[in-house]
Amino acid sequence: MRAVVTGGAGFLGSYLCESLVERGAEVICMDSLLTGSPHNVEHLLRLPSFQLLECDLTGFVHVPGDVDLVMHFASAASPLDYQRYPIETLKVGSIGTLHALGLAREKGARFVLASTSEVYGDPLEHPQRETYWGNVNPIGPRSMYDEAKRFAESLTTAYRNSHGVDTGIVRIFNTYGPRMRPHDGRAIPTFINQALANEPITVAGDGRQTRSICHVDDTAAGILALVDSDVSGPVNIGNPTEVSMIELATIIRELAESSSPIRFVERPVDDPAVRRPDTTLAETLLGWRPKVDPITGLRRTIRWFAEEAAGVEAKPTWSTSTAF
């Protein structure tokens, strides 16, 4: 297999690149490095089957030779990032998706789109099924990400129906694990950094809002199960175990053996009150369900963050002998 992974130097994209290389695929990783980092894939650069190309997907895109798979994962993914880069986020979700789909069409490749649970907005249905259309503010402070992904889903569906492109759409719920950027503004890295430094852990609002957190190994496995199928989706990939923000902060504080107090701060506008995937489709169509329980996953992640903060060379999170 020869695969193109856009956004492959990002947090989740780097795990997908690893898995594909491990399977024996040749991987072309395209990344603008706006929010991704070569550090995430530096252990792959020595391999002849892996290539990193710094590339803006909203410009001209060409890949010589055959391509069997195009995975479109290029996008800012944290509120801090996509609010800092709103136009770039909208462009990569629209023009970038158009170019990635064009590449898949040209090569006769399967195309897999990374969509998001954010297409559900602040949901009025709980848990969220793929048939739910969402409750999204199209001009709100999260709209550049939400609407970019909703447009990308629509464009992907149009290419499937009008051009016969073999497409799959995955809606990814909150994912965490080693290689998250320490200061990307998302809850888990923020809580971990604050706990390790014994600083106040800042919980938005009253902390009752919920998320469903899925370890990156499980998320990557679910996505690759979609890759291997002929399922068009959309399919939810996430852990249906739901946790409130105050519970999450307390768990992280305990696992980090921290003395941090918990401090409540203003809740962001349009911050979803609940989030939990209905994973019935993933279980029945893909045979996938998450395996890493949150305590185990958070413990691994805290250890990685602590090693990074201490300047210790962390143990590799990937090897040629262990598949996701």
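Taking the criterion of being within 14 Å of ASN236 (Cα to Cα) and part of a loop (DSSP other than H, G, I, E, B), the residues of segment 122-131 that qualify are HIS126, PRO127, ARG129, GLU130, THR131. Selection of strands (runs of 3 or more DSSP E) fully inside segment 196-275 by the criterion of at least 3 residues being of a type outside the set (D, E, K, R) returns 201-204, 235-237, 262-265.
Filtered by the rule that a residue be surrounded by 14 or more Cβ atoms within 10 Å (Cβ to Cβ) and part of a helix (DSSP H, G or I), segment 284-298 gives LEU285, LEU286, PRO294, GLY297, LEU298.
Restricting attention to segment 38-82, the residues that are under 17 Å from the mean Cα position of the chain (by Cα) and of a type in the set (S, T, N, Q) add up to 3. Scanning segment 1-55 for residues that are aromatic (Phe, Trp, Tyr) and over 16 Å from GLY65 (Cα atoms) returns PHE11, TYR15.
One line per residue, one yes/no per condition, for (1) aliphatic (A, V, I, L, M); (2) outside any loop (DSSP other than H, G, I, E, B); (3) in contact with a helix residue (DSSP H, G or I) (Cβ under 8 Å, 6 or more places away or on another chain); (4) touching a residue at least 12 places away in the same chain (Cβ under 8 Å):
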{"residue": "TRP133", "(1), (2), (3), (4)": "no, no, no, no"}
{"residue": "ASN137", "(1), (2), (3), (4)": "no, no, yes, yes"}
{"residue": "TYR145", "(1), (2), (3), (4)": "no, yes, yes, yes"}
{"residue": "ARG150", "(1), (2), (3), (4)": "no, yes, yes, yes"}
{"residue": "LEU155", "(1), (2), (3), (4)": "yes, yes, yes, yes"}
{"residue": "ARG160", "(1), (2), (3), (4)": "no, yes, no, yes"}
{"residue": "GLY168", "(1), (2), (3), (4)": "no, yes, yes, yes"}
{"residue": "MET180", "(1), (2), (3), (4)": "yes, no, yes, yes"}
{"residue": "GLN194", "(1), (2), (3), (4)": "no, yes, no, yes"}
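Condition check for VAL235 on (1) out of contact with any Leu (no Cβ under 6 Å at 6 or more places or on another chain); (2) buried (at least 23 other Cβ atoms within 10 Å of the Cβ): one failure, at (1).
Could you please give the count of residues in segment 123-170 that are among the aliphatic types (A, V, I, L, M) and surrounded by fewer than 14 Cβ atoms within 10 Å (Cβ to Cβ)?
Summing the residues that are among the aliphatic types (A, V, I, L, M) and surrounded by fewer than 14 Cβ atoms within 10 Å (Cβ to Cβ) in segment 123-170 gives 3.
Residue by residue, here is whether (1) modelled with pLDDT under 95; (2) touching a strand residue (DSSP E or B) at 6+ places or on another chain (Cβ under 7 Å); (3) surrounded by 15 or more Cβ atoms within 10 Å (Cβ to Cβ) holds:
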residue	(1), (2), (3)
LEU33	no, yes, no
ASN40	no, no, yes
LEU44	no, yes, yes
LEU47	no, no, no
LEU52	no, yes, yes
VAL61	yes, no, yes
ASP68	no, yes, yes
ALA74	no, yes, yes
SER78	yes, no, yes
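The values are calculated or read from the model by the stated rules, or taken from the named source; none is laboratory data. On a predicted model such as this, the values are computed, not experimentally measured, just so you know. For neighbour counting, all protein chains shown are included, and Cβ atoms are generated from backbone atoms with ideal geometry for every residue, glycine included.
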